[in-house]
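**Student:** The structure under discussion is supplied below as structure tokens; questions concerning it will follow.
The values are calculated or read from the model by the stated rules, or taken from the named source; none is laboratory data. Computed from a predicted structure; not experimentally measured. Cβ atoms come from the backbone with ideal geometry, glycine included; neighbour counts cover every protein chain shown.
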Amino acid sequence: MTRHFLRLSDLTKDELDALLKRAVHLKARQKRGIPYRPLIGKTLGLVFEKASTRTRLSFEAGMSQLGGYSIFISPKDSQMGRGEPIKDTARVMSRYLDAVVIRTFAHSIVAEFARYSDIPVINGLTDSHHPCQVLADLMTIIEKKGGYDGMSVCWIGDGNNMANSWIEAASILGFELRLACPEGYRPDEAFFKEAASRPGAKIRMCDDAVEAAKDAQALNTDVWASMGQEAESTERRKAFAGYQINEAVLKIAAKDAIVLHCLPAHRGEEITEEVMEGRQSVVWDQAENRLHAQKAVLEFLLTKGDERQ
Ligand code: CP
Ligand code: NVA
């Protein structure tokens, strides 16, 4: 059966642990300049309906480093934008490509694509999940903190796609996750309850940023208005006042806490310039780790264990 990577819960705990270890290994290998090209002759398609800097570039660069090739296509320049059904596009793409990364709006679009696809489908961000980003975030925590076991992570801001992927990560891996999201912008209740009730899960919704940040070892946030929500920006700016990672919040967290942001960031909204550029910010390493984590995903989906070095 074709494996897809649409959300973190598509992986078991063992697979997720192993994949992150592999990402660290592939990064070290790349830094030492040792070539590793298990994907020679393979082609990755990238179908992006929303803007992207990191996801697109890191997948294209990663595919090239692994010896493969990638093709970018935007729905508006293809028959997808003229209404060709997803199920037809999925079956046709399966005949040309070896895997496909999709960035789109509704999660149901990638789910439907995957249902009809004979090749692995990777979620490059939907309105509900951003699993590739959270892989890179977890990898950054491993590098900076030695691992996520026993970690206390805090999420301040929107209960959006990033928050959902963090919730799944915490429910699979068992580290503590405390979230502070304004009323009306919390993650879907049924989804949250299910993840939080998983055996070993330590996930909690807090009343405010102070409660969520108390002694946290990693502070995490994202934009207040995601792609597709631009019209709500003014309203959201009001609702999210008090949900900012700033010096005051940083003081409440553990002394050596790290600050994560998936980027792009809106300085002065969800995070201050001071914190973004401060010594506890790890956002540039986090962005780099997209490359290494996604190479591990491509390797996982497109090679057999005995081909891996
Ligand atoms: N973090 C992230 O997914 O960035 P892009 O939107 O630039 O791909
Ligand atoms: N929540 C943001 C993440 C961008 C990488 C968005 O969906 O726009």
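**Student:** Starting from the stretch 35-60, keep only residues that are within 11 Å of ligand 1 (Cβ to nearest atom), then list their pairs with residues that are part of a loop (DSSP other than H, G, I, E, B) and at pLDDT 95 or above whose Cβ atoms are within a distance under 6 Å, requiring at least 6 positions of separation or different chains.
**Tutor:** Short answer, once both residue conditions are applied: Lys50/Met227; Thr55/Gly124.
**Student:** Residues that are within 12 Å of the chain's Cα centre (by Cα) and within 16 Å of ligand 2 (Cβ to nearest atom), at least 2 per element: which helices (runs of 4 or more DSSP H) completely within the stretch 131-203 meet that?
**Tutor:** Details: elements: 131-145, 161-173, 189-196.
Here the list reads 131-145, 161-173.
**Student:** Any residue at all in the stretch 151-161 that's surrounded by 22 or more Cβ atoms within 10 Å (Cβ to Cβ), without any contact (Cβ under 8 Å) to a residue 60 or more places away in the chain and within 16 Å of ligand 1 (Cβ to nearest atom)?
**Tutor:** No, there is no match, as no residue in the stretch 151-161 is surrounded by 22 or more Cβ atoms within 10 Å (Cβ to Cβ), without any contact (Cβ under 8 Å) to a residue 60 or more places away in the chain and within 16 Å of ligand 1 (Cβ to nearest atom).
**Student:** If you scan the stretch 256-282, which residues turn out to be touching a residue at least 12 places away in the same chain (Cβ under 8 Å), farther than 21 Å from Leu125 by Cβ and either assigned to a loop (DSSP other than H, G, I, E, B) or basic (Lys, Arg) (or both)?
**Tutor:** Asp256, Ala257, Thr272, Gly278, Gln280
Residue-wise test of (1) assigned to a loop (DSSP other than H, G, I, E, B); (2) within 16 Å of Asn289 (Cβ to Cβ); (3) under 20 Å from the mean Cα position of the chain (by Cα).
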| position | (1), (2), (3) |
| --- | --- |
| Lys50 | yes, no, yes |
| Thr55 | no, yes, yes |
| Phe59 | no, yes, yes |
| Ile71 | no, no, no |
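**Student:** Which one of Arg198, Arg204 is basic (Lys, Arg) and touching a strand residue (DSSP E or B) at 6+ places or on another chain (Cβ under 9 Å)?
**Tutor:** The match here is Arg204.
**Student:** Just give me the residues in the stretch 95-133 being more than 16 Å from ligand 1 (Cβ to nearest atom), out of contact with any helix residue (DSSP H, G or I) (no Cβ under 8 Å at 6 or more places or on another chain) and not hydrophobic (A, V, I, L, M, F, W, C), in sequence order.
**Tutor:** Answer for the stretch 95-133, where residues must be more than 16 Å from ligand 1 (Cβ to nearest atom), out of contact with any helix residue (DSSP H, G or I) (no Cβ under 8 Å at 6 or more places or on another chain) and not hydrophobic (A, V, I, L, M, F, W, C): Arg95, Tyr96, Ser108.
**Student:** Of everything in the stretch 278-308, what is closer than 21 Å to Ile142 by Cα and exposed (fewer than 14 other Cβ atoms within 10 Å of the Cβ)? Give them in sequence order.
**Tutor:** Result: Gly278, Arg279, Trp284.
**Student:** From the list Thr43, Thr89, Thr53, Thr2, exactly one residue is among the hydroxyl-bearing types (Ser, Thr, Tyr), within 16 Å of ligand 2 (Cβ to nearest atom) and more than 13 Å from Val297 (Cα to Cα). Which is it?
**Tutor:** Selected residue: Thr53, the only one of Thr43, Thr89, Thr53, Thr2 that is among the hydroxyl-bearing types (Ser, Thr, Tyr), within 16 Å of ligand 2 (Cβ to nearest atom) and more than 13 Å from Val297 (Cα to Cα).
**Student:** Based on what the data block shows, is Ile86 away from ligand 1 (no atom under 16 Å from the Cβ) and closer than 26 Å to Ala239 by Cβ?
**Tutor:** no
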